[in-house]
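Heads up: the structure comes next, in structure tokens.
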Amino acid sequence: MALIGIAVGGFAVNSVSLTRIDKTADSVTAATALAQQQLEALRALPLGAAQLSPGVYSDPANPLRADGTGGGVFQRSWTVSGNDTPRAGLRTVSVLVSWTDSRPHTTRVAAYVRCSTIPCP
């Protein structure tokens, strides 16, 4: 009888652990999608757009849900590097999405964008 109790207890602990792993995987997927969505929106802007000026920006809809609407747990921000970083005529755009469940998490994606002139103005 004790062996059955130990087995049931082991299955319960295992089930909780698997549920937590599954939830974390869902959050990582959502955060990566939110970051990629913002990165693609920034890359689609015309050369010289004000949103591509060097600086640090926060999403005005923060905190976000997985679908990008407000009222969720995700915080999205992005950084546009200084002019000509890493090379003449380029800037680096990094998008960061962070959230906290049982501990803090962060997902980051980055890409280069062209400046309107070389070197960047």
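The values are calculated or read from the model by the stated rules, or taken from the named source; none is laboratory data. All values derive from a computational prediction rather than experimental measurement. Every residue, glycine as well, gets a Cβ built from its backbone with ideal geometry; the counts of neighbours run over all protein chains shown.
Per-structure values
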| read-out | value |
| --- | --- |
| Looking only at the stretch 87-120, and only at residues there that are among the basic types (Lys, Arg) and touching a residue at least 24 places away in the same chain (Cβ under 8 Å), the one that is farthest from Asp26 (Cα to Cα) | Arg114 |
| Residue count for the stretch 109-121, restricted to those that are crowded, with 16+ Cβ neighbours inside 10 Å and at pLDDT 95 or above | 1 |
| Residue among Thr32, Thr92, Thr79 that alone is out of contact with any helix residue (DSSP H, G or I) (no Cβ under 7 Å at 6 or more places or on another chain), part of a helix (DSSP H, G or I) and of a type outside the set (D, E, K, R) | Thr32 |
| Flag if Gly68 is touching a residue at least 24 places away in the same chain (Cβ under 8 Å), assigned to a loop (DSSP other than H, G, I, E, B) and over 24 Å from Ala25 (Cβ atoms) | no |
